[in-house]
1. Quick one: in the range 241-256, of everything that is in contact with a helix residue (DSSP H, G or I) (Cβ under 8 Å, 6 or more places away or on another chain) and not in a strand (DSSP E or B), which residue is farthest from residue 7 (Cα to Cα)?
2. Yes or no: the range 600-618 includes at least one residue that is surrounded by fewer than 16 Cβ atoms within 10 Å (Cβ to Cβ), touching a strand residue (DSSP E or B) at 6+ places or on another chain (Cβ under 8 Å), without any contact (Cβ under 8 Å) to a residue 24 or more places away in the chain and more than 25 Å from residue 427 (Cα to Cα).
3. Filter the range 197-239 for residues that are without any contact (Cβ under 8 Å) to a residue 60 or more places away in the chain, part of a loop (DSSP other than H, G, I, E, B), surrounded by fewer than 23 Cβ atoms within 10 Å (Cβ to Cβ) and in contact with a helix residue (DSSP H, G or I) (Cβ under 9 Å, 6 or more places away or on another chain) and give the result.
4. Which one of these is modelled with pLDDT of 95 or more and closer than 18 Å to residue 157 by Cβ: 563, 572, 532, 556?
5. Consider residue 246 carefully, then state whether it is free of Cβ contacts under 8 Å to residues at least 60 places away in the same chain, surrounded by 20 or more Cβ atoms within 10 Å (Cβ to Cβ) and more than 30 Å from residue 472 (Cβ to Cβ).
6. Out of (1) within 22 Å of residue 379 (Cα to Cα); (2) outside any helix (DSSP H, G or I), the odd one out for residue 321 is which?
7. Restricting to the range 72-119, give me the number of residues that are at pLDDT below 90 and either in a loop (DSSP other than H, G, I, E, B) or closer than 30 Å to residue 205 by Cβ (or both).
8. Name the residues in the range 470-512 that are over 19 Å from residue 134 (Cβ atoms) and touching a helix residue (DSSP H, G or I) at 6+ places or on another chain (Cβ under 7 Å), would you?
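The values are calculated or read from the model by the stated rules, or taken from the named source; none is laboratory data. For clarity, every value in this text was computed on a predicted model and none was experimentally measured. Here the Cβ positions follow ideal geometry from the backbone for every residue, glycine too, while neighbour counts run over all protein chains shown.
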C-alpha cells in the first residue's frame, strides 16, 4: 500500500504534529478571518497577515473533516456598515456541499494505493478515450465508470481522458466552468472515489489523463474577484471574460497556483498526464511561459520516476511546444490535439464548410494528407477564417506528437443538436475515416460511445442560476444564427435548453445499444482496427522519428511512413463519389482492406475501388528489395 500527497503553499495543510495550517492569498484586503462552523470554541478567528498578500493561521484542533470558510470584510451601504463575505478556499481539496459553501480539510494519506508499482506507459502506446463522467453512465459518477474499464481495455483503449472534474456551480456541466481547481466535483463523488477509479484503471494497464483549465474560471462561484483582483488582468480578455494575470505584477503567485495544480493532480491522484485546455487563450509574455514551466515541473518532478504526459489544445499550431530532444523525448509537451485532421476529414465526409471548416473546403484531401503525414495542415500558411497566418513547420516531429480524432466533446457538443458523425457523414466513407484514424501513426482518440456509434447526442448543458443561464443561452443562440440553417426563429426555437435537466439526461450513453445493429457493426470494426493497430503497427511506432509523405491522385489519397529498418507503412483511401479504376502495387502485405477489388498477380495490378475504399499495407524491407530486382 502506498500513500500520495502533494504539498503546496495554498489552502489547508495537515501538520505532522497535529492541527491544520490555513493559508489564503488575498492581497486586496488587509484582514481575513477563518470561520470554522463546527468548532467547539470560537468559530471565527483572525488570520495573521504576512508578506506578499498572504494570510495564515494554524489551528491545533482542526483536522480531517473540519469545515472552514474565509471571511472577507465588505463595506455595504452606509446604513449597513461593514459585513463579511464567506468564501470557500480557492485551493480546496473538497467542497461537498457545492462551490458556494464551506470547504473541508482532507487527509490525502487516507487513501492507500493498491497499484504502487505503476510506472505508466510510453506515449506511443496511447489510444485515448475521452469521456464525461456525468454522462458516461446513467449514474454519472466516478464509481460508475469503474465497471466499464475492463471493456474499454479489452477493446484496445490504453488511456482514458476525463473531461474536467474540478468543482463547478450546480449539478451538471461540461467541466470547463470550474471554479475550485483542486476539488473534484462533488456530484461525481469523493476524492477517494476518484482515486479508486484511477487505481482500478492502472490495474488494467490503462493510463488516466485529466483535462484541466488554466485560461479562465467559470462565471458562477468564482470569488477571487472579491478579495484578490491581483489574480486577473483587467486590460486583457478571453472569450470567457477577463484574462488571468500570468505576466504582470503579482503574477508569480498566480503562476505558482497553476503549476501546483498540475503537480497536485499528477502526484496526489497519480494521473498519468494532463490535457491543457485552450493554451492559445493564455495571455503570457513571460519566458519561460506557463506551459513550459508546467512541462518542466512535471518532467523534473513525477516524470523523473514514471511516464507522465502533457497534452495541449492549441489553435495556433505552435509546433515548438512539441519539440523533441536528441533522444526523441519531449522537451515540453508530449502531444497536441490535431484539429486539422478532424476538420479536413469532416469536410470530406459531411460536405459542411461553414465557419472554421471553410479553411479546408478548397482542398480537403490535400489538407487531410498533409495533417496526417506531416502534423498540421496549416504550418505558417494564411488562414482565411482567422485572417492571419497560422501554425509552424511540423514535418520533423514524430507522429506521436499529434492526437488525431474524428469526434470529441467540442465538435459534437458545439453543434446545436449535439449530433454525432454518423448523422451527418456519408456512411460509405466512415470505414475509410476510421481506418485512417486507427491505422495511421498519430495517436488516435475516440469520444465516449463513438466505438459503437452511440445514438445519443452530446449536448451543451449547465446548471447556472436563471439569469446567468439566460445570458449564456442568448449568446449561444446568437452564434448559431450566423449559420444558414438557423436563419429563422422556428429553427432556433428547436435548440435544446442548456439549463434544462432533460438536456443533460438526453446526453447519457445507452450502453445496451452496442448489442444491436448498426451499433454492433461499428463496435466490431473499431475492435478489429485497434487489434490490428496493436499487433501490426504498434511495434513500429517508437521507430517513426518524423513525418511521412502523401500525394493526391484525383479522389485518392496515398500516405506513406518509413518504419525504421522494418520497411514502409502504406495507406490508400478513396474519398470520391463513384467507383474508380487504378493500378496498385502489391509489394508488401495487406493489413486491412475494404472496398478494393483487384485481379491477382504481383507488381502493378488493375483494381477497382468503391467509394470509401481503403487499403493498408506493410511493405517490409526485404519485400521492397525484391521489388527493385529485375525479373529473370
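1. 249
2. yes
3. 204, 206, 239 - these are the residues of the range 197-239 that are without any contact (Cβ under 8 Å) to a residue 60 or more places away in the chain, part of a loop (DSSP other than H, G, I, E, B), surrounded by fewer than 23 Cβ atoms within 10 Å (Cβ to Cβ) and in contact with a helix residue (DSSP H, G or I) (Cβ under 9 Å, 6 or more places away or on another chain).
4. 532
5. no
6. Result: residue 321 fails condition (2) only.
7. Looking only at that region, the number is 7.
8. Result: 477, 480, 481, 485, 486, 491, 492, 495.
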